[in-house]
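J.: The structure under discussion is supplied below as C-alpha cells; questions concerning it will follow.
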Amino acid sequence: MASAVVGDDVFGEDPTVAELQDRVAQMLGKQAGLFVTSGTQSNLCALLSHCARGDEYIAGADAHTFKYEGGGAAVLGGIAQQPVATEADGSLKLDEIVLAVKPDDPHFAQTRLLCCENTFAGQPQTAASLAERVDLAHELDLVTHLDGARLWNASIALGEPLKDLAEGFDSVSVCLSKGLGAPLGSVLVGERSFIERAHRWRKMLGGGLRQAGIAAAAGIYALDHNIERLAVDHRHANRLANGLNDLTGVTASVATNMVFATFDGLNDSLFTEEMLKRDVAVRMANGVSRLVTHIDVSEDEIDHALSVFAETLGMLHG
Ligand SMILES: *Cc1c(COP(=O)(O)O)cnc(C)c1O
C-alpha cells in the first residue's frame, strides 16, 4: 500500500485502481470493473444502475441486499423490493421467482431484476444451480445481479472457477475485505456500459475517491495471496464445528467459513458475559451463534476458543 503508484481516480487516472478493476473483471469473465468502498455501496450502485424509480427487484427475504443494507435501493432509488423465501441452501425456488414477477399492469411496480447471493450464510451454490435461476430470469426478461461478497469462498469450496459462478449474471459484486483480508473495498463488474452508469452512481453516493490506489493495492495483494488460502479458513471452521458438536447441548453446522451453533438451555447475555470474562467474544441471539473463521484466526485460537466454550458450558450447566 505504501509503494502504490497512485493518481486521481475521480478522473480515472489511478493506475493501481485500473489494474485492480481489470483483474477482477477478467477473473469473473466480465468487460469492466469498478472499485467501490464497500459491498453495500457496490450492491446499491448495481441496483441503481439496473433499475429506475418504480421498478422492482426480487431477492431472498434473508438476502443481504434486502435485509442488511438499510433498504438503500428503496430509500435512494425509489426501487420496490420483492422478497421471496430463501431456501436453506441459499437459493431461491424457481416457481417462487415466477410467482413474484408482476404482470404489465399499472397496479404493479415493474419487475426488473433478480438478485442472487453466493455464498449465502456460508452455503456455496454451484454454477449449475445458479444457471437455472439466471436462465429463468432471462426468460422472464429480468436482468440479474449476483451479490458475491464471499464468492471466493464458494469457488474454493466447490472447486469451481469464479468465471463459472459469475456466468450469465449481468453484474457481480465481490468483496476484498471479507475472507480476502483487505482493509476495505469491493469490486463491481459487468458490461462496460453498465459500469459507466455505476460510475456515475458511485460519484453521487460519495464513493468517488481520489488517490484510491493505496486501497486498491491492498486488493491486488489479496488477489495474489489470499484466495487459495481460504481452504485453511474452511478447515478451521470444520475443526470448530466438530469440536462444538462434541460438547453436550451444542449442535453446530458448517459450510465454507461459517459455523452456526445452537446452544440448548442458555441465557444469551449470561453466556456471552461468561465467555467474555475468559476473553472470548461471541454474539448470540436466541441460543444461536454465528462463528466465522478468517485470515486472522489460527488453528491454536480455534482450539483455545473450544476449550473456553467447554469450560463456560461446564460452569453454567454444572
Ligand atoms: C458483507 C456483505 C455485504 C456488504 O459488504 P460491506 O462491505 O460490509 O458493506 C454484502 N453482501 C454480503 C453477502 C455480505 O456478506
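J.: Nearest 5 is fine: what % of DSSP beta bridges in the chain come out antiparallel, could you say? Spell out each step's value before the answer.
T.: On the way: 23 of 41 bridges.
Taking every DSSP beta bridge with both residues in the chain, the antiparallel ones total about 55 percent.
J.: So what does log10 I(q)/I(0) come out to for the range 106-216 at q = 0.10, 0.12 Å⁻¹, using the Debye formula with one equal point on every Cα and no solvent?
T.: Results for the range 106-216 at q = 0.10, 0.12 Å⁻¹ read -0.34, -0.49.
J.: For S253 and D104, calculate 0.36 nm times their separation in residues minus their Cα-Cα distance, and state this gained length in nm to one decimal.
T.: Taking 0.36 nm per residue and subtracting the Cα distance, the gain is 49.3 nm.
J.: Calculate how large, on average over all directions, the projected area of the Cα convex hull of the range 172-211 is; give the answer in nm² to one decimal.
T.: 3.4
J.: While we're here: Translational D (Stokes-Einstein, µm²/s) of the chain at 20 °C and 1.002 mPa s when Rh comes from the Kirkwood sum over C-alpha pairs?
T.: Approximately 103 µm²/s, per Stokes-Einstein.
J.: Additional query: Between the alpha-carbon centers of the range 219-296 and the range 126-178, tell me the distance in whole angstrom.
T.: That distance is 25 Å.
J.: Could you order peptides 39-52, 154-167 by the average number of other Cβ atoms within 10 Å of their residues, highest first?
T.: Most protected by this proxy first, the peptides run 39-52, 154-167.
J.: Across the range 190-318, how large is the tail of the calculated P(r) beyond 18 Å, expressed as a percent of all Cα pairs?
T.: 63
J.: Please build a GNM for the chain, connecting alpha carbons under 10 Å apart, and tell me which residue among V282, V134, V172 fluctuates the most.
T.: V282
J.: So what's the Cα pair-distance distribution over the range 20-177, bin width 10 Å, in %?
T.: That works out to 11, 44, 36, 8, 0, in percent per bin.
J.: In nm, to one decimal, how far is the modelled label at L316 from the one at D246, with both set 7 Å along Cα→Cβ?
T.: Taking the two extended label points, one gets 2.0 nm.
J.: Under a no-solvent Debye model with one identical scatterer per Cα of the range 162-265, what's log10 I(q)/I(0) at q = 0.11 Å⁻¹?
T.: For the requested q values the scattering log ratios are -0.54.
J.: Across the range 75-165, how large is the tail of the calculated P(r) beyond 18 Å, expressed as a percent of all Cα pairs?
T.: Everything past 18 Å amounts to 47 percent.
Values quoted throughout were computed directly from the atomic coordinates according to the rules given, and no laboratory measurement underlies them. Since the structure is predicted, the reported quantities are computational estimates derived from the model, not experimental observations. Using ideal geometry, Cβ is built from the backbone for each residue, glycine included, and neighbour counts are taken over all protein chains shown.
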